[in-house]
Each structure stands twice: as structure tokens, then as C-alpha cells.
Amino acid sequence: MTGPTRAHPWMANSAPGMLEAMLAEIGAANLAEVLEQIPQDHFRKTPLNLPPQLASEMELKRDLLGKLRKNATCEENLSFLGAGVWQHHVPAIVDEIVGRTEFATNVWGSYQSDHGRNQAWFEFSSQLGALLNLDVVQLPVYSWGCAIGHAIRMAARKTGRNKVLLARLSDPERLSVIRTYCQPQEMDGAIEIVLVEPDAATGRLDLADLRGKLGPDVAAVYFENPAYLGTIETEAAQIARLTRAAGAETIVGVDPISLGVMTAPGDYGADIVTGPVQPLGVHMNCGGGVGGFIASRDEPEYVHQYNGFLVSVAETVQPGQLGFGLACPHQNSYGQREHGNDWTGNSTYLWAIAGAVYMSLLGPDGFAEVGRLIISRARYAAKLLAEVPGVRVHWPDTTFKEFVVNFDETGLSVAEINDRLRARGIFGGKDLSGEGLGLGQSALWCVTEVHSAADLRRAAQTLSEVLK
């Protein structure tokens with residue numbers, strides 16, 4: 001194999017002679033010798049059909065901008081998408097602070113000395129803890145699904161049990177991540193997932209089915225409040241009591257933006273709480289804006305089960321000064337590698353900074369105001385859509401910001417309806433018809449504080465027109 005005749009403009013090691021120099025450095029005769037441990041049937045037999053190499057930065061920029069122009073954004077269109085990434089207002093000061101170089105470029109440093117970063121992280125944990133009415137909040141992991149998976153494994157380690165109960169009406173994306181964390185059943189330490197049926201009249205957990213499935217092998221019951229389909233679990237305290245009576249842990253998933261108007265999970269018996277950080281000052285974007293938190297009471301039996309970073313505060317030898325640092329840092333994979341409680345990543349810590357700024361701007365009154373605004377506009381939207389001929393809204397008075405819209409009587413599929421709406425500058429709700437939830441041709445619509453009353457009337461009017 002011979003090297004290239006000239007270097008690729010963005011790959012320094014592609015310069016002529018570099019491949020030969022690297023092979024000589026490691027004592028290999030050729031590239032095939034380096035890769036000999038890979039079975040031959042794993043190699044591609046035909047070359048990739050790649051476009052011509054772009055020779056300059058100018059050509060690259062022109063090419064990328066051309067591709068990006070094909071995207072239709074939620075800023076340019078009226079969007080009712082949600083289901084895990086929601087369109088909330090992000091104050092300009094949040095972007096200003098998270099864009100500062102001391103935060104944006106500080107992937108890692110000395111946790112003994114980075115006091116400014118540690119204090120910002122502490123503020124995030126303490127503010128979110130106040131919303132949840134819990135004392136311990138871990139720095140966010142990669143996604144809400146990951147946080148749930150870690151929480152379930154925490155409960156399994158704590159109880160020594162190997163089964164978890166979840167709602168059948170769960171987000172399939174989060175559920176798939178949970179299944180990964182619970183491992184294949186053939187592996188040691190696997191956690192069995194059992195789904196609890198919904199009450200058809202309300203969409204909430206069927207308590208009779210829950211009672212029948214609770215037992216001495218159940219480590220935890222996990223439910224969301226608000227749930228995936230927007231429903232509010234009004235019997236949350238009863239679920240926690242039933243779970244506790246069975247010796248299991250109550251794990252609650254919560255959208256933090258709802259906590260200005262909904263009861264904090266710590267007040268109705270949650271042992272471990274998870275949720276997304278994206279609603280707390282993080283823009284919608286393709287995969288990079290998500291993260292999930294884990295929280296609990298400040299008790300050793302919980303604290304010692306965390307897999308990630310807990311930031312705490314302590315007095316210093318200088319009166320009136322405080323120091324910020326990591327608590328129990330030895331129990332994660334940084335401290336114990338493969339012997340840590342679980343693997344630890346660090347890709348979403350910047351969103352803890354965003355969350356700290358966002359929560360400090362809103363304060364308790366701001367969260368209450370935003371929560372009331374979201375509920376009133378979501379209920380108004382549900383009312384308007386339900387008046388469109390052929391459209392029906394499931395459980396219209398029991399939801400927070402998301403609700404299920406059924407189109408069975410229109411004779412059209414959700415995909416067809418969403419295509420027609422998109423042609424008029426509106427992104428309809430997420431298509432639920434292929435998720436096996438038994439809801440027919442339904443979509444999950446999301447309404448937040450960014451939607452005006454005029455936006456909602458436009459959506460209902462446009463939907464009425466495209467259904468004719």
C-alpha cells in the first residue's frame with residue numbers, strides 16, 4: 001500500500017510518507033499486518049461511494065451551507081413537537097454565560113482547584129434540589145433515559161432485587177435505553193422489566209395491575225409525572241405507598257419545568273427522581289442538548305449508590321469563605337474504573353451551568369408563572385383541536401404540556417396529516433401510530449410558553465383546512 005500523493009487539507013497524518021513512517025515506528029510491514037486480528041468477512045469488499053474531495057475551506061463552507069439550507073427549523077415554522085426535546089424559551093443571558101470560555105472550553109480540569117466551575121455546578125444541584133424537595137442531585141448524565149437506567153441499577157444494588165415495574169405507555173426511546181441498562185436476561189445481574197397496564201379511561205397507571213405485579217423480587221417501580229403522553233399521575237402518593245409496602249424503591253421521572261405548579265416528587269414519597277435538563281435553558285438541537293439528572297434524599301444508603309459526580313460545599317480555614325468540591329468521588333468509574341458503581345461520562349456538564357442560570361432567573365415565582373402559562377395554553381390548544389371535525393383528544397383535562405390527538409375518524413394517517421401541515425409551515429405532533437400503544441392514528445402534540453393564543457388558533461384553523 002502506498003501513501004497519498006498529497007496531504008488531505010484537514011488530515012495532517014495523510015501527508016506523503018506518513019503512513020510508511022508510522023508503520024516503521026511500530027515495526028509493521030504493512031497495514032494488513034496491523035489489522036490481521038480483524039476477521040476477513042468484516043472488511044468491506046467494495047469501495048465507499050464518496051463524493052469528490054473538497055480541496056479548500058471555501059468549498060467546504062459552500063457545500064455545508066447548501067446542505068444546511070435543506071433543514072426546516074422550529075424557529076422558522078410553528079412547531080408542536082416534543083416527546084423528549086421541547087421548545088421552551090431560553091433567555092439570552094443563558095447563552096451568554098454558557099458561551100464564556102471558562103465554561104464552554106472547560107471539559108475537565110482539577111476538581112480540587114476549579115472552584116468557579118464547582119460553585120456553578122453546586123448552584124445547579126441545590127436549585128434543582130429545592131424544586132424536587134430532595135437534598136442530593138447528581139451532575140447530569142447523557143440523557144433522561146440514561147438517568148433512568150442508572151437509577152434502576154441504583155435501586156437494584158440497594159435492594160438486592162432484580163425486577164423493575166414500568167408503565168406500558170412509556171416513551172419507546174427511553175424504554176430502549178432502559179432495556180440496555182438492564183442488560184440481556186442471560187447475563188449475571190440482569191434486571192427484568194415488567195410493564196404495568198394503563199387505565200383506559202385516564203391513561204394513568206392501573207393500580208390494580210400494579211398491586212398484582214408488586215412482589216418480593218421487585219427492586220423499583222418507575223413512573224413519570226407528567227407521563228410520556230402528558231398525563232398527570234394523581235395517585236402518585238398511593239403508588240409510592242404501595243411500592244414502599246412491598247420493600248421496593250419509588251423512582252419518579254419528572255419534567256422540571258412542571259414543578260412550579262405540580263407537587264414536588266419528594267413530597268409524595270419518591271425515593272429517587274430522574275428527569276431531563278433540556279427544559280432548563282437548553283435549546284432544541286439534534287442530540288446535543290439532552291441530559292438527565294438523578295436525585296434522592298441525603299442518606300448514605302442512596303448517596304453511596306450514585307455513579308457520577310456530587311458537588312458539595314464546606315467551610316474553609318478562612319472564616320466566611322466556602323470551598324466547593326466533589327463528594328464521594330471514589331465510587332464512580334473515574335475513581336474505581338471498572339469497579340465503580342456504573343460507567344460515568346462528562347458530556348452534559350455544560351447544561352448544568354445553563355440550568356443554574358435559567359433557574360436563578362426564574363426563581364419560584366417564575367416557575368409558577370411559566371407552569372400556569374403552559375397548562376392554560378395546552379388546555380386551550382386541546383379544546384381548539386377537539387372542535388375540528390374528525391379530531392378527538394385523549395384525556396384532555398389531565399395533562400400538562402403534551403396531549404394525545406386522535407385522527408382515526410378523519411380517514412387519514414398521522415403521516416399524511418403532518419405532511420400537509422408541514423407544507424403550510426407547521427410541524428404537527430409526534431406520530432404515535434407505530435409505537436404499539438393501542439392509540440390508533442394519534443399524535444403527541446406539545447404546547448409550551450412560546451406558543452401564543454394566535455399560534456394555537458392558526459394551528460386549529462390550518463388543521464381544519466388540510467382535513468377537508
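The values are calculated or read from the model by the stated rules, or taken from the named source; none is laboratory data. These numbers come from a predicted model, not from an experiment. We place every Cβ from the backbone using ideal geometry, glycine too, and count neighbours over all the protein chains shown.
Observations on the structure shown:
- Filter pass, residue 29 being more than 43 Å from the chain's Cα centre (by Cα), loosely packed, with under 10 Cβ neighbours inside 10 Å and of a type outside the set (D, E, K, R): yes
- Which numbered condition residue 370 misses (of (1) over 23 Å from the mean Cα position of the chain (by Cα); (2) outside the structural domain of residue 132 (by TED's automatic domain parsing); (3) not polar (S, T, N, Q)): (1)
- Residue 152 being under 20 Å from residue 244 (Cα atoms), in contact with a helix residue (DSSP H, G or I) (Cβ under 6 Å, 6 or more places away or on another chain) and not polar (S, T, N, Q): no
- Among the residues here, residue 222 qualifies as in a strand (DSSP E or B) and touching a residue at least 60 places away in the same chain (Cβ under 8 Å).
- Residue in segment 386-404 that is buried (at least 16 other Cβ atoms within 10 Å of the Cβ), touching a residue at least 24 places away in the same chain (Cβ under 8 Å), in contact with a helix residue (DSSP H, G or I) (Cβ under 6 Å, 6 or more places away or on another chain) and part of a helix (DSSP H, G or I) present: no
Residue-by-condition table, conditions (1) part of a strand (DSSP E or B); (2) of a type in the set (Lys, Arg); (3) modelled with pLDDT under 95:
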{"site": "242", "(1), (2), (3)": "no, no, no"}
{"site": "247", "(1), (2), (3)": "no, no, no"}
{"site": "251", "(1), (2), (3)": "yes, no, no"}
{"site": "263", "(1), (2), (3)": "no, no, no"}
{"site": "270", "(1), (2), (3)": "no, no, no"}
{"site": "273", "(1), (2), (3)": "yes, no, no"}
{"site": "281", "(1), (2), (3)": "no, no, no"}
{"site": "287", "(1), (2), (3)": "no, no, yes"}
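- Residues (out of contact with any helix residue (DSSP H, G or I) (no Cβ under 6 Å at 6 or more places or on another chain) and buried (at least 24 other Cβ atoms within 10 Å of the Cβ)) located in segment 126-139: 128, 138
- Test result for residue 50, over 28 Å from the mean Cα position of the chain (by Cα) and either not in a helix (DSSP H, G or I) or not charged (D, E, K, R) (or both): yes
- Single unsatisfied condition, residue 201 versus (1) under 30 Å from residue 376 (Cβ atoms); (2) modelled with pLDDT of 95 or more: (2)
- Flag if residue 438 is within 25 Å of residue 170 (Cα to Cα), under 26 Å from the mean Cα position of the chain (by Cα), surrounded by fewer than 19 Cβ atoms within 10 Å (Cβ to Cβ) and not assigned by TED's automatic domain parsing to the domain that holds residue 230: yes
- Cβ pairs under 7 Å, 6+ apart, first in segment 179-191 and without any contact (Cβ under 8 Å) to a residue 40 or more places away in the chain, second surrounded by 14 or more Cβ atoms within 10 Å (Cβ to Cβ) and of a type in the set (Lys, Arg): 181/153; 191/163
- Condition check for residue 134: in the same structural domain as residue 348 (by TED's automatic domain parsing), in contact with a Gly (Cβ under 6 Å, 6 or more places away or on another chain) and assigned to a loop (DSSP other than H, G, I, E, B): yes
- Answer residue from segment 407-429, given it is buried (at least 21 other Cβ atoms within 10 Å of the Cβ) and either among the aromatic types (Phe, Trp, Tyr) or under 26 Å from the mean Cα position of the chain (by Cα) (or both) and is nearest to residue 458 (Cα to Cα) among those: 428
- Test: residue in segment 228-248 that is on the phi < 0 side of the Ramachandran plot, within 20 Å of the chain's Cα centre (by Cα) and aromatic (Phe, Trp, Tyr): yes
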